[in-house]
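Here is the structure we will look at, set down as structure tokens.
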Amino acid sequence: MGLRPSSFVLRPSSDTLPFTGRSAELQRLRELASTRKLALIEGEPGIGKTRLADTFIQQFDGLALIGAARELEQALPYQPVIEALRGLLARPEWPALRATLGLPRIWLAEAARLLPELGEHGAEQTDDARQSANESRLWEGVSQLLQALARRRPLLLLLDDLHWADASTLALLGYLVRQTQGAPITFLATAPPTRTRWPTGWRATPRATPILSPSWFAMRASTSCCGRMAR
């Protein structure tokens, strides 16, 4: 697959086949992304969901954070988000970027509960701190971090294979989409439609815009699509 989780910006390799025949889907994806909602690419395995997302990211003028959910990691809370944030820390310019974020230490510390390297000197929290921590503060810490990054440059967060994501990741994703509506953040995900179970009544509500192309892609935009996903 073309996507490389934990990568900040994707570049096409010289031996990549030309991306053709998906101009309509790519344009629709741009339109959905501009709504600041979650743009979901649905399609059967092998149809080209990841390639479409890859091409979109290559053309994205900003920072791209990429994480992927995996079947064997469903017991690890927030793993796709942690992977995406780890890609940020892998950038050589992260120390300078971190110094200019203007993010209050309290929110950086909360986000560091997901990835200790985000905190001061990468210090881990004590067991007592973990046990007393409030999950809502963790979510807000991640939200504040993404918004601080987006104030520097437009931001894109892609979660690939969302159908394998754990419940905590889905809940956090829904929170981020709702709480960052005013920030230049694009949320993108991929999933096969046959394995996805949305909340009751979601497909029939105006909050979701189904787009079915002749090539069997379905793209949707929603602010509240992150319910339990069928395995």
Inset, instruction - List, in order, the whole-Hz ³J(HN,Hα) value for each residue of the stretch 93-98 obtained from phi through the Karplus relation with A = 6.51, B = -1.76, C = 1.60 and θ = phi - 60°; use x for Gly and Pro. - result: 8, 4, x, 5, 5, 4
Inset, instruction - Please turn the phi angles of the stretch 170-182 into ³J(HN,Hα) values with the Karplus equation 6.51 cos²θ - 1.76 cosθ + 1.60 (θ = phi - 60°), one per residue in order, whole Hz, x for glycine and proline. - result: 5, 5, 5, 4, x, 5, 4, 4, 6, 8, 10, 4, x
Inset, instruction - Starting at the first residue of the stretch 43-48, write each ³J(HN,Hα) from the Karplus equation 6.51 cos²θ - 1.76 cosθ + 1.60 with θ = phi - 60°, in whole Hz, x for Gly and Pro. - result: x, 5, x, x, 6, x
Inset, instruction - Quick one: which residues, 5+ away or cross-chain, put their amide H under 5 Å from the amide H of LEU65? H built at 1.01 Å from N. - result: LEU156, LEU157, LEU158
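Where a number appears in this text, it was derived from the coordinates with a stated rule and is not lab data. All values reported here derive from a predicted model rather than from experimental measurement.
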